[in-house]
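A quick write-up on the structure given underneath.
The values are calculated or read from the model by the stated rules, or taken from the named source; none is laboratory data. Remember, predicted model here, so these are calculated numbers, not experimental data. Cβ: placed from backbone, ideal geometry, glycine included. Neighbour counts: every protein chain shown.
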């Protein structure tokens with residue numbers, strides 16, 4: 001499995017450096033930073049990275065989370081908030097086991113490895129609901145209720161240790177998450193789902209099902225539905241084809 005670790009708008013260079021070191025500790029070769037609010041190549045970050053300095057230098061920068069996840073199929077996001085999440089919270093072990101299931105087909109060593117992502121939010125306010133809705137699973141680490149927010153690098157360390165400790169049999173069907181059915185097929189790439197949702201929103205605005213002032217909230221509900229289903233590439237292609245055909249018909253086309 002090709003796993004990437006994504007930090008959204010990290011503000012502390014010490015945290016970014018520490019996360020780079022953790023990536024080196026646990027064999028994560030790709031670090032992606034979304035609109036970082038600090039100098040990830042500065043002396044503070046390098047000092048904390050130690051032998052993970054090469055990961056800092058090779059870290060990919062993205063303007064927004066959707067861009068960082070475009071090639072990803074299985075995404076787990078973390079949240080420290082107590083209020084109702086955009087998606088149901090999953091037990092950490094189950095979510096990370098599901099993340100590990102993004103592996104190439106047995107016996108096909110040439111198959112391209114799907115990309116899975118583990119996403120962490122801002123130090124001060126975590127991930128927004130819109131960002132959480134880009135994940136297939138949302139987890140919250142167990143802490144004392146009086147103070148639930150963990151330091152960013154500490155949260156990364158806990159998740160990567162849990163991921164590392166999972167045995168290969170954790171991917172067997174008896175360990176699969178119960179939040180959604182999983183027949184072993186990988187979900188579609190995030191870019192495909194985002195393109196389909198854009199097409200659907202344009203159609204629904206044209207036909208009057210959506211209004212500009214309510215479109216965002218209603219599309220969030222549709223996004224959550226599709227995320228819970230974790231639709232595959234063929235399924236999202238069929239859905240996008242249906243949306244495009246309906247849009248063509250709505251604009252006066254005939255069969």
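Cβ separations smaller than 7 Å between residues 6+ apart or across chains give the following pairs from segment 146-157 residues that are farther than 10 Å from residue 123 by Cα and in the same structural domain as residue 16 (by TED's automatic domain parsing) to residues that are in a loop (DSSP other than H, G, I, E, B) and at pLDDT below 95: 148/80; 148/82; 155/141. So is residue 53 out of contact with any strand residue (DSSP E or B) (no Cβ under 9 Å at 6 or more places or on another chain), more than 30 Å from residue 234 (Cβ to Cβ) and at pLDDT below 95 or not? Here the answer is yes, as residue 53 does meet what is asked. Here is a check on your reading of the model: is residue 46 in the same structural domain as residue 152 (by TED's automatic domain parsing), in contact (Cβ under 8 Å) with a residue 24 or more places away in the chain, surrounded by 13 or more Cβ atoms within 10 Å (Cβ to Cβ) and within 16 Å of the chain's Cα centre (by Cα)? No. With respect to the conditions (1) more than 20 Å from residue 96 (Cβ to Cβ); (2) surrounded by fewer than 23 Cβ atoms within 10 Å (Cβ to Cβ), residue 24 falls short on a single one, namely (1). Yes or no: segment 104-112 includes at least one residue that is surrounded by 15 or more Cβ atoms within 10 Å (Cβ to Cβ), at pLDDT 80 or above and either touching a strand residue (DSSP E or B) at 6+ places or on another chain (Cβ under 8 Å) or assigned by TED's automatic domain parsing to the domain that holds residue 94 (or both). For segment 104-112, residues surrounded by 15 or more Cβ atoms within 10 Å (Cβ to Cβ), at pLDDT 80 or above and either touching a strand residue (DSSP E or B) at 6+ places or on another chain (Cβ under 8 Å) or assigned by TED's automatic domain parsing to the domain that holds residue 94 (or both): absent. Before we move on, is residue 32 surrounded by 14 or more Cβ atoms within 10 Å (Cβ to Cβ) and either modelled with pLDDT of 95 or more or in a helix (DSSP H, G or I) (or both)? So residue 32 passes the test. Those residues that are more than 19 Å from residue 69 (Cβ to Cβ) and in contact with a helix residue (DSSP H, G or I) (Cβ under 9 Å, 6 or more places away or on another chain), I need them from segment 217-236; list them, please. Within segment 217-236, just 218 meets the criteria.
On the stretch given as segment 76-86, residues that are at pLDDT 75 or above and in contact with a helix residue (DSSP H, G or I) (Cβ under 7 Å, 6 or more places away or on another chain) total 4.
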